[in-house]
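Inspection log for the structure reproduced underneath, given as structure tokens.
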């Protein structure tokens, strides 16, 4: 690949030697004269950039960078993301989609350009669109519908039964058979070791463009709005309805039946225990301190109610 | 299935046409004249219920619902749970419990009516009771004992070694071989992608009737009391002893060596760092706010100790 | 095994009958005259220790314990850890490292004394050192480097692509191909159902001697310092740099780009949202209370800013 070919492919401007060969992408710490690097903020501009094979940056950085080859982009990170796909290695093995390595149920429909890793299990009545990649040891339980251009990371389980249970007369749990399914829209990307449960009667729905990191749990009948991003280790309890373009930070817990509107951002590790009906950023994190200091703080927190009573504080009523 | 057959099977009363055919269960949003629906609270009673094939509800709702076919139940949700099992689809594939798809150790005993998915691994000396279903890609490490009527969800790992390690003279970790095992009592239901570690010397014990959701971690030597419910993403550290009929909310973290009595309820995402020796509901969640507001709150929280000192607040001593 | 052989092997002193046969380790609750037990604190010394086959303890406990056989150790827990390895059962099945059960890519190099469970997937260009054990259903994605004496627990996924994504002009996510890899140093031990993502350009690095419990998520480009211990369900976001000998409690969440120095201890379930640049113990946990009491506390917390304004509290400014 040379600079000209890359610029054409990404439909961006370039400066410098069109024949400059580029064999990969480098970080700013390990520049290489055959690799291209990304400069996204002015603070990263430095002398050593002369050693890069080329630089991706906005137009107004060019004069300040001592290099001759540039990809010019007003969204250099997006250009970088698209370029990164060019350098993905081609894997020969394990043999994908061989009959040996795939456990396939009956009445499964699969679109064109399907790639499946080893140990993948697809139960009966699953429908899979075009350009779908399912990595190793993934389980797709019966009746799940997956649309086009979906990626599912290794070890994820789609369509397991939800945690719907009812206490009987003797305080024993009776399990509800979950008769709904899971619908995964187009352009969804799912990480490793996730679990997405099927709905009780209606389906659990991951709408198109949603991206989900590793070890995320999505319970029965949750609906995730388009282009929402869910970071690692998030848990979303039953029947939540998450808006479009939400950004849910890592390890956030959302209790059942919660609704969020579009364009909500939730800081990592927060607990969402009420509806979020206004767009914006929300946080609920206990600040971290030295342990000795936290011990005193935690003591006072548990006494907050009594303290305010004793202070005869009356402005609010809990 | 018709209304009469269902009522007989569930041993509940019915009203209306005994021959009313029912092919499934519907939600209240998508009523169908061949499907039965559940009305659990008066607020869900509405005109459109006339379109349902039948309604499950308590006796005193009948006069207010414009339908002719009813299953009468004082615990309609329990009746619904039992009914849902009738409509579970029959799966033909992947072929369960074939020699090809199951990795079976030596000296494994398996009871009657065993169902195993694809890619299941069962190591040496495992004992499995009757009516056990183990879903795909589950690993049962050596020596684990599983009693009757147990379900284990896809991707769960039972009997891995616990996280018991000792620092040596050079600050390096020396791992303890975990020689205990895991005992899973009867009627236990375990979700997907769970991890239950074996005990150090004695066993980790999940007593009968316990239900566990997805991605739950149970450490070495934990004992879970009968009929306790554990929601998704909970982590229970080593040697905890959880009482009977506890309900542990999603993403709750319980630190090591904690004890809870019977009938404790722990709200989702709370941290349990002290014994809970009285039944009741416990909570420890930092409330979520708009981020700008949380920033000010978090600032004051970290200063709480100094504030109360400055206010010369003396009622309590930390 | 007899007392003499064990003492020689562990290079510790013994007292009593050198021919005392020992067939295992017992807990203090189930003493057995053919098994050895561990007494680590004086409070555990009791009459019934006479029933143990032998006792591991410090020298000064000997006179107070009514038994005749002792392994003497100033670090009895470490001696116990080493001894426990002698009693690990020998597993015959599933057949490890057979061609049938292992999905092996091209250009994979594997050192001596390799053990792999069933359903293991190793993609192209992976390099594995000596004395490595990979348990069942583990996935090692392409290009991962694993050094000597490493253990990887069942269901873990190493080298999946990180959660690096860029919004395009239409608020859709464009995924970054992750071209870095994962380097796992020597003597690393990893639990079940973990996920370790490959780096974007440079590698994700788990340095030697690190121990990691179950269901831990480590994002792209994280670097973990030597001999750090990470308990179950921890999530470490992208590009964090964790020091040496840290101890990270269960379910801790560390947001992206955080740095910790050496010898930091983080209490279970805390959120780390700022660099920890001084060694010591840190905590950030909302204390758990009876729910009714928590409701009042949570109310006041959300009002803390206004309360202090109303109290005309001026010592600090948020």
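The values are calculated or read from the model by the stated rules, or taken from the named source; none is laboratory data. Computed from a predicted model, the values in this text were never measured in an experiment. Cβ coordinates were reconstructed from backbone atoms using ideal geometry, including for glycine residues, and neighbour counts include every protein chain displayed.
The residue of region A:253-263 that is nearest to the chain's Cα centre (by Cα), among those that are surrounded by 24 or more Cβ atoms within 10 Å (Cβ to Cβ) and closer than 17 Å to residue A:223 by Cβ, is A:254. Here A:23, A:36, A:40 are screened, and the one residue that is closer than 26 Å to residue C:198 by Cβ, crowded, with 20+ Cβ neighbours inside 10 Å and more than 10 Å from every other protein chain (Cβ to nearest Cβ) is A:36.
Based on what the data block shows, is residue C:307 touching a helix residue (DSSP H, G or I) at 6+ places or on another chain (Cβ under 8 Å) and either buried (at least 16 other Cβ atoms within 10 Å of the Cβ) or more than 8 Å from chain A (Cβ to nearest Cβ) (or both)? Yes; evaluated as a whole, the condition is true for this residue. One residue stands out among those in region A:158-168 that are at the interface with chain B (Cβ under 8 Å from one of its Cβ atoms) and part of a strand (DSSP E or B): the one that is farthest from residue B:264 (Cα to Cα), which is A:160. Taken over region A:180-202, the criterion of being surrounded by fewer than 23 Cβ atoms within 10 Å (Cβ to Cβ) and without any contact (Cβ under 8 Å) to a residue 24 or more places away in the chain is satisfied by A:202 alone.
When residue C:163 is tested against (1) surrounded by fewer than 24 Cβ atoms within 10 Å (Cβ to Cβ); (2) under 25 Å from residue A:209 (Cβ atoms); (3) in contact (Cβ under 8 Å) with a residue 60 or more places away in the chain, only condition (1) is not met.
Of all residues in region B:128-151, those that are away from every other protein chain (no Cβ under 14 Å) and in contact (Cβ under 8 Å) with a residue 60 or more places away in the chain have Cβ atoms under 6 Å from Cβ atoms of residues that are surrounded by fewer than 22 Cβ atoms within 10 Å (Cβ to Cβ) and in a loop (DSSP other than H, G, I, E, B), 6 or more apart or on another chain, in B:147/B:129; B:147/B:185; B:147/B:186.
Within region C:169-192, the presence of at least one residue that is within 14 Å of chain B (Cβ to nearest Cβ), assigned to a strand (DSSP E or B) and either more than 15 Å from the chain's Cα centre (by Cα) or modelled with pLDDT of 95 or more (or both) is confirmed.
Under the condition of being farther than 16 Å from residue B:1 by Cβ, within 20 Å of the chain's Cα centre (by Cα) and in contact (Cβ under 8 Å) with a residue 24 or more places away in the chain, the residues counted in region B:71-88 number 1. Among residues of region A:230-249 that are within 14 Å of residue A:266 (Cα to Cα), those with a beta-carbon under 9 Å from a residue that is assigned to a loop (DSSP other than H, G, I, E, B) and modelled with pLDDT under 95 at least six positions away or on a different chain give the pairs A:244/C:171; A:245/C:171.
Residues satisfying the criterion are present in region A:43-61 (criterion: buried (at least 16 other Cβ atoms within 10 Å of the Cβ), closer than 22 Å to residue C:172 by Cα and within 14 Å of chain C (Cβ to nearest Cβ)).
Checking each residue in region B:24-41 for being within 28 Å of the chain's Cα centre (by Cα) and either more than 13 Å from residue B:67 (Cα to Cα) or in a loop (DSSP other than H, G, I, E, B) (or both) picks out B:24, B:25, B:26, B:27, B:28, B:29, B:30, B:39, B:40, B:41. In the set (1) within 31 Å of the chain's Cα centre (by Cα); (2) surrounded by 14 or more Cβ atoms within 10 Å (Cβ to Cβ), the condition left unmet by residue A:15 is number (1).
Taken over region B:83-114, the criterion of being within 8 Å of chain A (Cβ to nearest Cβ), buried (at least 21 other Cβ atoms within 10 Å of the Cβ) and at pLDDT 85 or above is satisfied by B:84 alone.
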